[in-house]
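A short worksheet on the structure shown next.
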Amino acid sequence: MLIVIAILVFVLVAAAVFAAASFVDQRSAQARLLRERLATVQKEANQQPNEELALLRDEMLSKIPALDTLLRRSERMTNFQNFLEQADLKVRAGNLLIICVITGVVGGVLGLLLSGPLPPNQTSLFVMLGVVVGGVIPYSYASYRRTKRFQKFEELFPDAIDTLARAVRAGHAFTTALELIASEIAEPVASEFRKLFEEQKFGLPVRDALINLTERMPLVDVKFFVTAVMLQRETGGNLAEILDNLSYVIRERFKIMRQVRVYTAQGRLTMMLLMGLPPVIVVVMLTTNRSFILPLFADPIGHTLVVAGIVLQTIGYFVIRRIIQIQV
């Protein structure tokens, strides 16, 4: 018990010290940015006229300068920032990590409070479980937002392709048709095509702008669209007809996916019952016949059985999920 309390106090003190140091470092952030800009201008002035200058987009991973400098050394954090942008969350990767640490500490404290009458080894288990669950909650929320945004994009994407095909058939240029999609289709399709239009408008080649679209939206339908457009621009052909065929294929694919979802309804229901039934039984037994279920948590053999049950439940969940997931 004392060890767990000491660990929690250490984490809280370390977080407070880091926050104070970041506040002191933030006061010199403007001076640091000014020095970097002056160095960049001086470097460009010393370059030869025939040297090519690359236009780079600088993305901050945290508003805290010290944390931003530390996170820039990891490529995974850059990918994590892209993950948050795909979820349309207006938060930096470093700030989300801090939120995960805070929620993890809160979960550990709640686990410590809930396990007050239990032995020290079980208290440590509750604290560790609370830290893990609390730390994973913000990331799970971001993943949920990202999945929902992708699903909404896939639902509206055929309408965007139809709008693009009609605009091209009416005589508009491909780049002008992109602006029409940004103004007529709902979010999140509008924002993504607006970025596509603005990138090519400010001088980025259309091919690179389309590739950036696939990086922001790594969906199969988007890759089909980008491949079809790039091939048409290189080899020629009727772009409107190509887009009509692509829209038809995407809609037929959605029909098949809905049919598959109907066919796998029994498997999904089985998975929910198998995952939800054991916790419900434990809660009911604790309420109705507490003396019967308490040995499962008080006896060492009961601890082993609980761990084995959780492991088997997890394995069964992934097995059933793999069975009912059919790629279309």
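Tell me, which helices (runs of 4 or more DSSP H) wholly within the range 153-261 include 3 or more residues that are in contact (Cβ under 8 Å) with a residue 60 or more places away in the chain? Outline the logic, then answer.
On the way: elements: 174-184, 189-201, 206-216, 220-235.
Output list reads 220-235.
So is Thr270 open to solvent by less than 80 Å² (accessible area, probe 1.4 Å), among the hydroxyl-bearing types (Ser, Thr, Tyr) and within 27 Å of Val222 (Cβ to Cβ) or not? Working first, answer last.
Values: open to solvent by less than 80 Å² (accessible area, probe 1.4 Å): yes; among the hydroxyl-bearing types (Ser, Thr, Tyr): yes; within 27 Å of Val222 (Cβ to Cβ): no.
So Thr270 fails the test.
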Can you pull out the residues in the range 105-143 that are free of Cβ contacts under 8 Å to residues at least 40 places away in the same chain and open to solvent by 80 Å² or more (accessible area, probe 1.4 Å)? Leu110, Leu113, Leu114, Pro117, Asn121, Leu125, Phe126, Met128, Leu129, Val132, Ile137, Tyr141
Going residue by residue through the range 163-180, is there one that turns out to be under 30 Å from Ile99 (Cα atoms) and at pLDDT below 95? no
Yes or no: the range 128-139 includes at least one residue that is in a helix (DSSP H, G or I), of a type in the set (A, V, I, L, M, F, W, C) and in contact with a Leu (Cβ under 7 Å, 6 or more places away or on another chain). no
For a quick check of your reading: which helices (runs of 4 or more DSSP H) sit entirely within the range 286-328 and have at least 1 residues that are modelled with pLDDT of 85 or more and on the phi > 0 side of the Ramachandran plot? none
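Return yes when Phe254 is open to solvent by 70 Å² or more (accessible area, probe 1.4 Å) and among the aromatic types (Phe, Trp, Tyr) and no when it is not. If you could, list the steps in order and put the result at the bottom.
On the way: open to solvent by 70 Å² or more (accessible area, probe 1.4 Å): no; among the aromatic types (Phe, Trp, Tyr): yes.
So Phe254 does not fit the description; no.
Identify all residues within the range 189-212 that are under 22 Å from Arg149 (Cβ atoms) and either surrounded by fewer than 19 Cβ atoms within 10 Å (Cβ to Cβ) or of a type in the set (S, T, N, Q) (or both); write none if there are none. If you could, list the steps in order and put the result at the bottom.
Looking only at the range 189-212, we keep the residues that are under 22 Å from Arg149 (Cβ atoms), and these are 189-199, 209-212.
The answer is Ala190, Ser191, Arg194, Lys195, Glu198, Glu199, Ile211, Asn212.
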All but one of (1) crowded, with 17+ Cβ neighbours inside 10 Å; (2) under 18 Å from Phe224 (Cα atoms) hold for Gln151, so report the exception by its number. (1)
Residue list for the range 214-229, restricted to those being surrounded by fewer than 19 Cβ atoms within 10 Å (Cβ to Cβ) and either under 16 Å from Arg146 (Cβ atoms) or out of contact with any helix residue (DSSP H, G or I) (no Cβ under 8 Å at 6 or more places or on another chain) (or both): Thr214, Glu215, Arg216, Pro218, Leu219, Val220, Thr227
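The values are calculated or read from the model by the stated rules, or taken from the named source; none is laboratory data. Treat the numbers as computed from the prediction; the structure is a model and nothing was measured. Cβ coordinates were reconstructed from backbone atoms using ideal geometry, including for glycine residues, and neighbour counts include every protein chain displayed. Accessible surface is based on the protein model in full, side chains and every heavy atom, while ligands, DNA and RNA are left aside. Shrake-Rupley method; radii C 1.70, N 1.55, O 1.52, S 1.80 Å.
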